[in-house]
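Enquirer: Here's a structure for you.
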């Protein structure tokens, strides 16, 4: 058994659980186990699908996110001149009253969801742009800087840790997207939203 695992012994078997990192002492070990169990509780309560579940666990165990800051299937009401529609963030990180990260969980072809995710980050909210958008299949992660409109690249190292995100949001000025381009972005969002797979299969 490696140092950053713990064992759950039942009548006939032992199960080893990855805690994400090596505990510094017994108190830290207990806190890691409690955090893992709390994350499992939240996942079960929210009814997350497999990809959402894996991404949730990655954010909590590897990036230090607080489980209660991660929302699943968060609805956003978006308005076009001729209609209103709802888009859902597969996962969203909400700190205080600010959505800091929006995450698209895709089964495959994650690159094809980059444009959707950028439009989502730019215009799903009336008041401000969401700083980061991520597209993932739980194995590959593409990270987008929404404010700059840039794809930062692919890799888990590009995802801000919870502490890094807190620092970003402390200095974050809420600014909406360019009003002259908002309708165009929302039409892109609406077109992609029509292709969104169901909650059961995505």
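Just so you know, all these numbers are worked out from the coordinates, no wet-lab data involved. Please read all numbers here as calculations on a predicted model, not as lab measurements. Positions of Cβ are generated from backbone atoms using ideal geometry, with glycine treated the same way; all protein chains shown enter the neighbour counts.
Enquirer: Let me know the shape class of the stretch 15-193, please: from the alpha-carbon gyration tensor, a ≥ b ≥ c as square roots of the eigenvalues, rounded when a/c is under 1.5, otherwise prolate if a/b is greater than b/c, or oblate.
Expert: Prolate shape, in that a/c is at least 1.5 and a/b is the bigger ratio.
Enquirer: Same structure, new question: Give me 157, 163, 114 ranked fewest to most by other Cβ atoms within 10 Å of their Cβ, as a rough exposure proxy. Walk me through the numbers before you get to the answer.
Expert: Numbers: 157 8, 163 11, 114 15.
Least to most surrounded, the residues fall as 157, 163, 114.
Enquirer: Remind me, relative contact order of the stretch 15-193 in percent, using alpha carbon pairs under 8 angstrom and six or more residues apart?
Expert: On the way: 276 pairs, mean separation 30.3, N = 179.
RCO, the stretch 15-193: 17 percent.
Enquirer: I've got another one for you. Please arrange 90, 28 by counting, for each residue, the other beta carbons lying within 10 Å of its beta carbon, fewest first.
Expert: Numbers: 90 24, 28 13.
Starting with the residue having the fewest Cβ neighbours, the order is 28, 90.
Enquirer: In what sequence do 86, 159 fall when counting other Cβ within 10 Å, fewest first?
Expert: On the way: 86 9, 159 21.
Exposure proxy ranking, most exposed first: 86, 159.
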